[in-house]
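The values are calculated or read from the model by the stated rules, or taken from the named source; none is laboratory data. All figures in this text were calculated on a predicted structure; none of them were measured in a lab. A quick note on method: Cβ atoms are made from the backbone with ideal geometry, for glycine too, and the neighbour counts reach across all protein chains shown. Remember, those area values only see protein heavy atoms, side chains included, never the ligands or the DNA or RNA. Shrake-Rupley method; radii C 1.70, N 1.55, O 1.52, S 1.80 Å.
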Amino acid sequence: MGLSTHVLDTMHGGPAAGMAVELYSTSGGQATLVKRFLLDADGRHPGGPVLDAATLRRGTYRLVFDVAAYFRARGV
């Protein structure tokens, strides 16, 4: 099992294609950037899981979605 995400834009009735996302690992109050990516046309990480089973380690992760920029780009 890996880590995945799927973002839907319920205002427009479809995937949130193009939304910027950052993945952080967190430990002891510190956050370390693991990767940045843009959601694909289906509102998912391009190419499959954000972290596949071989890469995912036990711990705490945080996904940060740039919702404000996504909606600004769509004139909302």
- Item | Answer from Gly2, Gly13 - the residue that is at positive phi and not polar (S, T, N, Q) | Gly13
- Members of segment 57-76 that are surrounded by 10 or more Cβ atoms within 10 Å (Cβ to Cβ), of a type in the set (A, V, I, L, M), over 11 Å from the mean Cα position of the chain (by Cα) and modelled with pLDDT of 95 or more: Ala69, Ala73
- Task: Please state which of the following conditions Pro49 fails to meet, knowing it meets all the rest: (1) without any contact (Cβ under 8 Å) to a residue 40 or more places away in the chain; (2) assigned to a loop (DSSP other than H, G, I, E, B); (3) within 12 Å of the chain's Cα centre (by Cα).
- Result: (1)
- Task: Report yes if some residue within segment 18-35 is open to solvent by 80 Å² or more (accessible area, probe 1.4 Å), among the basic types (Lys, Arg), free of Cβ contacts under 8 Å to residues at least 60 places away in the same chain and not in a loop (DSSP other than H, G, I, E, B); otherwise report no.
- Result: no
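Of all residues in segment 4-17 being part of a strand (DSSP E or B) and open to solvent by 40 Å² or more (accessible area, probe 1.4 Å), which is nearest to His45 (Cα to Cα)?
His6
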- Note on the structure: Out of (1) open to solvent by 60 Å² or more (accessible area, probe 1.4 Å); (2) modelled with pLDDT under 95, the one Gly48 does not meet is (1)
